[in-house]
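Notes to accompany the following structure.
The values are calculated or read from the model by the stated rules, or taken from the named source; none is laboratory data. Since this is a predicted model, take the numbers as computed values, not measurements. For neighbour counting, all protein chains shown are included, and Cβ atoms are generated from backbone atoms with ideal geometry for every residue, glycine included.
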Amino acid sequence: MKKIISTEKAPAAIGTYSQAVVHGNVLYTSGQIPIDPASGEMLGPDFVQQAHQVFKNLQAVAKAANTSLDHALKLNVYLQDLNDFVALNEVMSKYLSEPYPARAAIQVARLPKDSLIEIDAIIAIP
């Protein structure tokens, strides 16, 4: 049985999906882009600022499911430019600690709202 997770502290789903779904003791998040949930606005074109907002959104969704990024198992990271890879690692180090989750980082042609980054996560619920 699946349980839908929703929080006002992360951007609302805009379409036929949920912010996240829990199945068993695992949280599956939808992709998060750098939208400020308070204003509903996309952040400006600074990659580092956008990446921080994405992680804040993921933290909020995880918290709504009674878990945290400390329990992340896998992250899928979508970047408009792989040249942001080093900056991505620096931002990630502020939100994750060892042992780090598995991760894929993929350059894509375009992301929703022309975001520079989108991340979805699989997170254990202890």
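For this structure, a couple of remarks:
- Segment 108-126 - residue that is acidic (Asp, Glu) and either surrounded by 13 or more Cβ atoms within 10 Å (Cβ to Cβ) or in contact with a helix residue (DSSP H, G or I) (Cβ under 7 Å, 6 or more places away or on another chain) (or both) and, of those, nearest to LYS74 (Cα to Cα): ASP120
- Scanning segment 26-57 for residues that are within 20 Å of VAL86 (Cβ to Cβ) and aromatic (Phe, Trp, Tyr), we see that the one that is surrounded by the fewest Cβ atoms within 10 Å (Cβ to Cβ) is PHE47.
Table: residues versus (1) part of a strand (DSSP E or B); (2) on the phi > 0 side of the Ramachandran plot; (3) modelled with pLDDT of 95 or more.
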{"residue": "GLY44", "(1), (2), (3)": "no, no, no"}
{"residue": "LYS74", "(1), (2), (3)": "yes, no, yes"}
{"residue": "PHE85", "(1), (2), (3)": "no, no, yes"}
{"residue": "ARG110", "(1), (2), (3)": "no, no, yes"}
{"residue": "ASP120", "(1), (2), (3)": "yes, no, yes"}
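- Where HIS23 falls short, out of the listed (1) surrounded by 13 or more Cβ atoms within 10 Å (Cβ to Cβ); (2) of a type outside the set (S, T, N, Q); (3) within 17 Å of ALA124 (Cα to Cα): (1)
- Qualifying residue in segment 89-107 (condition: touching a helix residue (DSSP H, G or I) at 6+ places or on another chain (Cβ under 6 Å), touching a residue at least 40 places away in the same chain (Cβ under 8 Å) and either part of a strand (DSSP E or B) or surrounded by fewer than 17 Cβ atoms within 10 Å (Cβ to Cβ) (or both)): no
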